[in-house]
Each structure stands twice: as structure tokens, then as C-alpha cells.
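Below is one structure, written out as C-alpha cells, with a few remarks after it.
The values are calculated or read from the model by the stated rules, or taken from the named source; none is laboratory data. Because the structure is a prediction, the values reported are computed rather than measured. Here the Cβ positions follow ideal geometry from the backbone for every residue, glycine too, while neighbour counts run over all protein chains shown. Each accessible area value is taken on the protein alone, full model and side chains, heavy atoms only, with ligands, DNA and RNA left out. Shrake-Rupley method; radii C 1.70, N 1.55, O 1.52, S 1.80 Å.
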Amino acid sequence: MAGRHFLQIPGPTNVPDRVLRAMAQPTIDHRGPAFAAIAKEVLDGLRAVFQTAGRVVIYPSSGTGAWEAALVNTLSPGDRILMFETGHFATLWQRMASRLGLDVDFVPGDWRRGVDPGEVAARLRADRAHAIKAIAVVHNETSTGVTSSVADVRRRIDEADHPALFIVDTISSLGSIDYRHDEWRVDVSVGCSQKGLMLPPGLGLLAMSDKALAASTSAALPRSYWDWTPMLADNQAGFFPYTPPTNLLFGLRESLAMLAEEGLPRVFARHRRHAEATRRAVRAWGLELLACNPDERSNSLTAVLMPEGHDADALRKTILDRFDLSLGTGLGKLKGRVFRIGHLGDFNDLMLAGTLAGIEMGLSTTGVPFAAGGVTAAIDFLARG
Ligand SMILES: Cc1ncc(COP(=O)(O)O)c(C=O)c1O
């Protein structure tokens, strides 16, 4: 098809030309001085994105690997972990925790709301013996477009004066929605490369607190590849305990430079504005947002419910075939019921206008009942500044 493909799934996101060019370099000796300088630079830059002064590590992995690293470095077999069913990714993480031999208390949810801080408070207050060793929250549920308040969960942990570790998945919020590892006193934050960092998949990221580092000295879950101890030791000199993904790190250096040039507050404001424009379009179409609570609606993606009797994947297929635009599919129990619009990463007003135009044309081609005017509602909002 002529023209360029529109990749508007909520990750992997569009990789900017600058980043692609930065990666298209000869691979260098990962035990030499040039590599060490780059490794130190990207580790420093990542600290800024996690908003931490503490330690960060980079694994050659997907986000799932970083999930596992967060658990196996801090916990022991049979440890109780409190998790929340906010959607598909929270469910997968819970399954992983169970398979690793943790005792998961999985608070049920309807996949339309974030973590209820009141529920956190109640569970922690009831846990007088401090059996709960960790609380794990997905900050931005990529399957539902719902953002939980990490600050509120932190406040409830503090009010209960509970010593549990606080572990947060910031995979689809890092570099797109304000995320503050230090201020919110998160013990392990989990990220990856292919969302707000505008890179291809392949980097799993962690930021950890001193409390998490201390916990790792007695954590007894088996760990080898994911063990952060040799990684932290070798990183001091700019090296890795095994072969690093050198060219992805070239790309990371460039994407961190782009985020620094724009400035995180402006990056977050840009995402907020595009999310608001998208929601205005959905409302004008007369379609329903999956996220119920206005203050929990994600700034990195929007999940849209299909009218009864209409299949989201049939709509997505038409939009891909006719207009070369990829939208996110419904995951898990949302299969066929929602489509997801990714509006994160390297993205601007006209890319959003094009994306929404593709959806509006797809709605009219497939006979889904909707009102025209979503694109107009969005561009009216964007044109105001
Ligand atoms: C919130 C969240 N957590 C975890 C993952 C898993 O990451 P990966 O697919 O890179 O393993 C994803 C993937 O999209 C995600 O969106």
C-alpha cells in the first residue's frame, strides 16, 4: 500500500527516525571503553525517566522478563503478595507470581476500574501479622486504558504502617504518564522499551529502592539470569554480566535525549492533550469508553467498547485492510468487545487526526451504529492549542 503504515497500537509504538538511525551503527565491543561510556549514560538517563536517584537495571528482555526479575529478586517461596485484577496484564502477572510459588491474594475487579485504595487499606489493616510481603500494582492497564493512582496506594500503605514492598508495573506509563519512583517510594518499578520510550521491544527495565536491594539479600526464590546482583556490580563500571543488546542501547541513548529535550512535563502534557482529544472523538461518535471513572482514564491509550452485536476485530480488520492503520485488539475476556487506540510515544496532532479519521471511516464502512463528527470534535479541541 502506498504511503506509510499507521501503527496505533498501545505498544510497540512508532520508533522515531532519529532512534532508527542511532541504532543503525556497527555493533561495538561490549567490553570496551566506548560501550562503558554509553552504558553509564543510558543508566543515568533512565534514572531521570523513572524520577529516581536510585539504581536502575536494563535486561535484554520483554516486559514480562522484568516482571519476573522484580518478583524473584525480592521474594521467597510462599510469600504472600497482594495483587489487583485490573485487567489482562494484572491477570498475567498474578499467574506468573502463582507459578513462581508465591501465595497470591488476587483482589477481583471488573476490568473497568483501577485499584481501589480503600481495598488496599482494608487488606493491610486486617493483616496484623504482616504476612503480606509485597503489594503489586499495574499503574496503567494497557488492556483497559485505566490508570490507577500509585500515590493513593502509597498513602494507604503508609497509613496502615505496613512494611510490605511496593512493586509497580509502569510499562505503559513510563515516559508518557507522570510516574515518580522516588516520591511515591516504590520499591521496584517495572518498565520496558517499546512504549513511551519509543524503542523496539527488547529492553526490560527496573528501578529499585534501597529497601528492595536489602530484601534481595535474603529473597530465596530461585534466580539466575534475572539476578540483579551481578548486573548491579558490573554496571558500576559500565558493563553487563552477559552480552547486552548493544544496538538497542544506542537507540535508548537517542530516545532518552529526545525525552530530555522535550522535558518530561511537556511530554506528559502532550499525552494528556492527545488523550483528551481522543475521548472527545469517542464521545462524539456515541461510543462508550471502557474506563468508567473520568479521573482514571489513561493518557497513553483509549479502549473503546463496541455497540452490542458488533465485533471489534472485524472493525479492526477493515481499518487495517482499507486504511493501513493498526489498532490494538481486545485482550483476554475483552476479545472482540473493545478496540484500543494507542496515543503514546512519538506522536503529534496530525498523527492523531489521521488515526481518528481512519477509525471514523472504518465505522462508517462496516455499518457500526455511530454518529459522525468524532474527528471534528477532536480537531476542534486540538486547534484551540
Ligand atoms: C502493562 C503491561 N505489563 C506487562 C506487559 C508485558 O510486556 P511484554 O509483552 O513486553 O512482555 C505489557 C505488554 O504490553 C503491558 O502493557
### Task
Residue by residue through the stretch 192-222, note down the ones that are within 16 Å of Asn235 (Cβ to Cβ) and either under 14 Å from the mean Cα position of the chain (by Cα) or within 16 Å of the ligand (Cβ to nearest atom) (or both).
Leu203, Gly204, Leu205, Leu206, Ala207
### Query
Limited to the stretch 148-170, what total is found for residues that are open to solvent by 20 Å² or more (accessible area, probe 1.4 Å) and either out of contact with any Phe, Trp or Tyr (no Cβ under 6 Å at 6 or more places or on another chain) or within 12 Å of the ligand (Cβ to nearest atom) (or both)?
9
### Message
I'd like the residue in the stretch 173-190 that is β-branched (Val, Ile, Thr) and within 12 Å of the ligand (Cβ to nearest atom) and, out of all such residues, is least open to solvent (accessible area, probe 1.4 Å).
### Response
Val190
### Message
Test of understanding: among Pro10, Pro16, which residue is at pLDDT 95 or above and out of contact with any Gly (no Cβ under 6 Å at 6 or more places or on another chain)?
### Response
Pro16
### Query
Got a number for residues in the stretch 146-175 being farther than 22 Å from Thr302 by Cα, touching a residue at least 60 places away in the same chain (Cβ under 8 Å) and either in contact with a Gly (Cβ under 7 Å, 6 or more places away or on another chain) or in a loop (DSSP other than H, G, I, E, B) (or both)?
1
#### Entry: Residue among Leu20, Leu71, Leu43 that alone is out of contact with any Cys (no Cβ under 7 Å at 6 or more places or on another chain), within 20 Å of Val137 (Cα to Cα) and not polar (S, T, N, Q)
Leu71
### Query
Do we find that Ile28 is in contact (Cβ under 8 Å) with a residue 40 or more places away in the chain, part of a strand (DSSP E or B) and either over 21 Å from Leu206 (Cβ atoms) or touching an Asp or Glu at 6+ places or on another chain (Cβ under 9 Å) (or both) in this structure?
no
### Task
Find all pairs meeting these conditions: Cβ atoms under 9 angstrom apart; at least six residues apart or on different chains; first residue within the stretch 58-86 and more than 15 Å from Ile171 (Cα to Cα) and near the ligand (Cβ under 9 Å from one of its atoms); second residue among the β-branched types (Val, Ile, Thr) and in a loop (DSSP other than H, G, I, E, B).
none
### Task
Considering each residue of the stretch 76-122, count those that are touching a Lys or Arg at 6+ places or on another chain (Cβ under 6 Å) and on the phi > 0 side of the Ramachandran plot, and give that number.
0
### Query
Residues of the stretch 229-247 being more than 16 Å from the ligand (Cβ to nearest atom) and either in contact with a Leu (Cβ under 7 Å, 6 or more places away or on another chain) or among the basic types (Lys, Arg) (or both), which ones?
Asn235
### Query
If Ala34 passes every condition in (1) open to solvent by 40 Å² or more (accessible area, probe 1.4 Å); (2) without any contact (Cβ under 8 Å) to a residue 40 or more places away in the chain; (3) over 18 Å from Asp234 (Cβ atoms) but one, which one does it miss?
(3)
### Message
Restricting to the stretch 99-134, count the residues that are open to solvent by less than 30 Å² (accessible area, probe 1.4 Å), within 16 Å of the ligand (Cβ to nearest atom) and among the aliphatic types (A, V, I, L, M).
### Response
1
#### Entry: Top-ranked residue of the stretch 1-23 - restricted to ones that are among the hydrophobic types (A, V, I, L, M, F, W, C) and within 26 Å of the chain's Cα centre (by Cα), ranked as farthest from the ligand (Cβ to nearest atom)
Ala22
